[in-house]
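The block underneath contains the structure these notes are about, expressed in structure tokens.
The values are calculated or read from the model by the stated rules, or taken from the named source; none is laboratory data. The shown structure was predicted, so the numbers you read here are calculated from the model rather than taken from an experiment. Keep in mind that these areas ignore ligands, DNA and RNA; they rest on the heavy atoms of the full protein, side chains included. Shrake-Rupley method; radii C 1.70, N 1.55, O 1.52, S 1.80 Å.
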Amino acid sequence: MSDKAIPSLLHNEDEKQPHQNCRICNKDLMNGEMYAIQKVFKNYPGQEKAQVLFDFAMCQQCMMEARAELSVESRMRIDRFMMDGLQGLESSGENPESRFENKQCTISGKPLGESQEYQVMAVCEGDRLMESPICLSDEILEHIQELLSEQSRDELNRFTENNFGWPPELKKALQDGDLVLL
Ligand SMILES: [Zn+2]
């Protein structure tokens, strides 16, 4: 997959090109290290195109720091859930690439057009995709929120209160559960 260019769906919404900097620490992402793109979409009734609620890239270190705020058990539950989902997909003969191309949730197969909200994530290096983007529909996002323990919610709240490097709208999205950290 490493020969694949980042699809325009995952480009920086304002600049119409791949994200250049980490949204948290502003590090240059074109220097060859791995990073993740996170984009949250919302469908409004009567609107053909989903609206982008959040759109940013995050370097590996910032991602690890944020994720380290989750409790170990929450992280394990979420990882297990994602792994089971991806394994189930594989044994059904499908793969994340086809689900992405068909605009379906990677885990449930639900059409993203029928999902009130959905989140798309991709791991990239420079302007290339490292693996297929992962799309999560509303019911899967809700389920992942439910896998977060009380302890992790407290930790996320404390993290976002203390961590001034995070833009306010992203802190709020994390606290409100509009944004899921994988
Ligand atoms: Zn960073």
Taking 0.36 nm per intervening residue step and subtracting the Cα-Cα distance, what contour gain separates Gln60 from Asp28 on full extension?
10.3 nm
Compute the Rg to Rh ratio over the range 42-121 from the alpha carbon atoms, using the Kirkwood formula for Rh, and round to two decimal places.
1.02
Under the 0.36 nm per residue contour assumption, what length would be gained going from the current alpha-carbon distance of Arg80 and Glu169 to full extension?
29.2 nm
With all protein chains present, the chain has a carbon and sulfur share of its accessible area (1.4 Å probe) in percent of 47 percent
Where Rh is the Kirkwood radius over the Cα pairs of the range 4-167, the temperature 25 °C and the viscosity 0.890 mPa s, what D in µm²/s does Stokes-Einstein return?
147 µm²/s
Directionally averaged projected area (convex hull, Cα atoms, the range 71-178), nm²
7.8 nm²
List the residues, sorted by chain then number, that are 5 or more residues from Asn21 or on another chain and whose placed amide H is less than 5 Å from its amide H.
Leu29
Computed over the range 78-149: relative contact order in percent, which uses C-alpha pairs under 8 Å that are six or more apart
28 percent
Stretch gain in nm, segment Glu48-Glu114, where the contour uses 0.36 nm per residue and the Cα spacing is subtracted:
22.7 nm
What ³J(HN,Hα) values, in whole Hz, does the Karplus curve 6.51 cos²θ - 1.76 cosθ + 1.60 give for the range 103-111 when θ = phi - 60°, with x put for Gly and Pro?
6, 10, 4, 4, 8, 9, x, 4, x
Select from Gln47, Gln116, Gln38 the residue whose mean-square fluctuation is largest in a Gaussian network model of the chain (Cα-Cα springs shorter than 10 Å).
Gln47
Summing -39500 (n - 2.57) over the DSSP H runs of n ≥ 4 in the chain and dividing by its residue number, what mean residue ellipticity at 222 nm do you reach, to the nearest 500 deg cm²/dmol?
-11000 deg cm²/dmol
Only Cα pairs under 8 Å and at least 6 apart count here; give the relative contact order of the range 1-134 as a rounded whole percent.
33 percent
